[in-house]
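What follows is one structure encoded as structure tokens, with my remarks underneath.
The values are calculated or read from the model by the stated rules, or taken from the named source; none is laboratory data. Just so we're clear, the structure is a prediction, and the values are computed from it rather than from any experiment. Glycine gets a Cβ as well: all are built from the backbone with ideal geometry, and neighbour counts include every protein chain shown. Just the protein is used for accessible areas: all its heavy atoms, side chains included, with ligands, DNA and RNA removed. Shrake-Rupley method; radii C 1.70, N 1.55, O 1.52, S 1.80 Å.
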Amino acid sequence: MGGRIGPYVVISGLDDAASRIPVPESRFIARSADGDRTVLISVPLPGADPGRFLAEAGASRYLLGPWSSPAAALAGPGEEPWHARPYLPALPLPAALTVHGGPLPEHTVRALGAALVDTLVIGHGQALTHAGVSPAAVLLAADGPRLTCFGAVRAAAADGTPRSGLPGLESGSLPPEQAAGGTPQPMGDIYALGATLAYAATGHTVPEREEIPAGLRSVIGGCLSRDPAARPRPAELLEVFRPGGAPAAADPVAPAPAPAGAPSVPYAPSAPPAPGPGWLPGRVIAALAHQSARILAADIPAAPTAPSQD
């Protein structure tokens, strides 16, 4: 593909340009010029506020948990905005449905739900609202999902500004109270989680109730309630999605917010659920292996050498 973003050489785009699911940021697989590091790198969409983009990426660096994929490196002063995280073979959720040929199996959706709820519980415990959960924000890897695209709603419009119809936002995943301009709140993340799981199970973020598999209908429908107070609490969702339906611990107490978005006290919930072997369909696993082989085999231009001083 070519081109450079910051210190990285772009190898490939991550998202399918033909997908009808909006992506809140432009994402690429790239490698450092010396060939030592391969990363997933993101840049803001045209028209996005670069300052907000970098602020949200910076805040994500403090998120904990194995299923979060926070920024690990950011553009420096004076650079065009970008942020990067270490590469792992992964497909955006919409691409996984395309590869699989339709909605994902119920056991996959349940494992996805368990991991995403756990990630949201950790973030909320750190006084951070994701405000951008959507199908495109979820990457599927062999060992489990990763949640990305932090702060998409906040980056798209100032608080109090209606957010419906803005570029990069998947309207079906946008909580109604936030679409009208309300400040992002944790229960809005639960609505967006329900829309994302509905998409994984049906191919639509706003499906008809009958389209949702019977075993998931009640929990997804509850998440999609228009009334935030009627949505299930994270502890309830963990109980539903954990393997075997094991009882979940009560919602942990959030530590006090830390300056500049960084939690001052390490936050550790109960052990997160880990998707077991076979959590992903075979075609998705094959696509991950193909992506990994393609990226490993990619050639990048040699880094320029300094002229000799002789």
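Details
- Contact order relative to length of region 95-249, as percent, for alpha carbon pairs under 8 angstrom and 6 or more apart: 25
- Whole-number D in µm² s⁻¹ for region 40-85, Kirkwood Cα-pair radius fed into Stokes-Einstein, 20 °C, 1.002 mPa s: 196
- Environment charge of PRO70, counting only residues whose C-beta is closer than 12 Å and scoring Lys/Arg +1, Asp/Glu -1: +2
- With the whole protein complex present, TYR199 retains an accessible surface near 20 Å², based on a 1.4 Å probe.
- Convex hull per residue volume in Å³, alpha carbons only, for the chain: 149
- For region 7-59, convex hull volume per residue from C-alpha positions, Å³: 95
- Between ILE285 and ARG233, the contour length at 0.36 nm per residue exceeds the Cα-Cα span by 15.5 nm.
- Region 23-39 versus region 124-185: alpha-carbon centroid distance in Å: 23
- When every Cα-Cα distance of region 1-130 is counted in 10 angstrom steps from zero, the calculated P(r) takes the values 11, 36, 38, 14, 1 percent.
- Dipole of the chain computed with +1 at Lys/Arg Cβ and -1 at Asp/Glu Cβ about the Cα centre; of VAL43, GLY276, GLY181, farthest Cα towards the positive end is GLY276.
- Net dipole in debye of region 1-131 [+1 Lys, Arg Cβ; -1 Asp, Glu Cβ; about Cα centre; nearest 20]: 100
- Per residue, the average separation of C-alpha pairs within less than 8 Å and at least 6 apart gives the chain a relative contact order of 20 percent.
- Dipole magnitude (debye, nearest 20) for the chain, charges at Cβ of Lys, Arg, Asp, Glu: 240
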